[in-house]
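The values are calculated or read from the model by the stated rules, or taken from the named source; none is laboratory data. Everything numeric here is computed off the predicted structure, so don't read it as measured data. Cβ sites come from the backbone with ideal geometry, for glycine too, and all protein chains shown count toward neighbours. Protein only, heavy atoms only, side chains kept; ligands, DNA and RNA dropped before computing areas. Shrake-Rupley method; radii C 1.70, N 1.55, O 1.52, S 1.80 Å.
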Amino acid sequence: MDVAWEEFGWERLGDGVGRRRLPRWDATVALVAGADGALLYDTGSTLREGVELRTRAERLLGRRVTHIALSHPHFDHVLGTAAFAGARVYGAAGLTDLLRAGADGLHRSAVEHGVSERDAAEAVDVLVAPHHQVSGEWTVDLGGRQVLLADVGPGHTGHDLAVLVPGSPAVVLCGDLVEESGEPQAGPDAVVSRWPAALDRLLALGGEDALYVPGHGAVVDAAFVRAQRDVLAGPFGVS
């Protein structure tokens with residue numbers, strides 16, 4: 001995987017691993033390529049954004065995305081999934097029922113945050129819930145490369161899925177359990193009391209030398225994750 005990821009709009013993180021920071025909400029999506037398959041971590045905030053991601057991934061790799069892992073059930077991370085026809089979709093245990101029952105809430109949240117009514121309705125109408133639910137850990141073989149999906153929550157939400165990409169260094173895709181471009185965001189579905197333990201699990205997955213990729217913001221190291229964990233565990237937590 002020696003192609004120039006940056007030429008196709010991706011930030012290269014390692015061999016066959018890269019990510020994009022999407023406009024507006026600075027949400028991260030990540031791409032992991034193996035010899036036979038490719039996994040996308042999160043799909044953007046609209047179907048239009050999903051199509052753009054699919055196009056950029058296919059231009060980079062010369063083939064389609066075969067697997068999708070959804071970090072958590074917020075609109076800016078899941079509403080582009082339908083753009084990836086035929087991909088196997090993974091989420092944390094319980095996410096499938098939550099998305100199927102919560103489509104109206106996703107639509108409302110998207111519009112409240114500035115997505116047009118038309119784009120929100122289009123994405124929710126074709127919303128794709130995970131086909132595979134991860135309880136504990138699940139290894140996905142992309143051909144010559146295995147990635148580990150881990151249900152590490154609850155924390156930012158009740159359904160937080162992280163991905164470990166082994167390598168030198170390893171890359172840990174954290175979703176919104178870790179945020180760099182702002183303070184951790186605790187909405188009504190956050191489980192703040194268990195968030196520090198979720199970050200402990202992230203650190204156990206990646207170790208001291210891994211790259212930790214937050215849901216929003218620049219790539220960070222283990223010390224940053226540990227510091228954010230300590231803030232969440234402290235007397236003031238997050239608001």
- What pairs come up if the first residue lies in segment 219-232 and is within 20 Å of Gly18 (Cβ to Cβ), the second is modelled with pLDDT of 95 or more and surrounded by 17 or more Cβ atoms within 10 Å (Cβ to Cβ), and their beta carbons are under 6 Å apart, counting only those six or more places apart or on different chains? Val219/Leu211; Val219/Val213; Val220/Glu180; Val220/Tyr212
- Task: Considering every residue within segment 206-224, establish whether at least one is outside any loop (DSSP other than H, G, I, E, B), out of contact with any Ser or Thr (no Cβ under 6 Å at 6 or more places or on another chain), open to solvent by 20 Å² or more (accessible area, probe 1.4 Å) and acidic (Asp, Glu).
- Result: no
- Message: For segment 130-151, give me each residue that is assigned to a strand (DSSP E or B), open to solvent by less than 20 Å² (accessible area, probe 1.4 Å) and farther than 27 Å from Asp189 by Cα.
- Response: Val140, Val147
- Message: Whether any residue in segment 76-84 is open to solvent by 30 Å² or more (accessible area, probe 1.4 Å) and over 14 Å from Gly44 (Cα atoms) is what I want to check.
- Response: no
- If we keep just the residues of segment 152-185 that are touching a helix residue (DSSP H, G or I) at 6+ places or on another chain (Cβ under 9 Å) and open to solvent by 30 Å² or more (accessible area, probe 1.4 Å), which is nearest to His72 (Cα to Cα)? His159
- Item | Residues of segment 152-197 that turn out to be over 12 Å from the mean Cα position of the chain (by Cα) and either of a type in the set (Ser, Thr, Tyr) or over 27 Å from Arg12 (Cβ atoms) (or both), as a count | 21
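Given the criteria open to solvent by 10 Å² or more (accessible area, probe 1.4 Å), free of Cβ contacts under 8 Å to residues at least 12 places away in the same chain and touching a strand residue (DSSP E or B) at 6+ places or on another chain (Cβ under 8 Å), does Arg64 qualify? Give the steps one after another, and end with the answer.
On the way: open to solvent by 10 Å² or more (accessible area, probe 1.4 Å): yes; free of Cβ contacts under 8 Å to residues at least 12 places away in the same chain: no; touching a strand residue (DSSP E or B) at 6+ places or on another chain (Cβ under 8 Å): yes.
It is false that Arg64 is open to solvent by 10 Å² or more (accessible area, probe 1.4 Å), free of Cβ contacts under 8 Å to residues at least 12 places away in the same chain and touching a strand residue (DSSP E or B) at 6+ places or on another chain (Cβ under 8 Å).
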- Item | Unique residue being within 24 Å of Ala87 (Cβ to Cβ), in contact with a His (Cβ under 6 Å, 6 or more places away or on another chain) and not polar (S, T, N, Q) when the list is Asp151, Asp141, Asp176 | Asp176
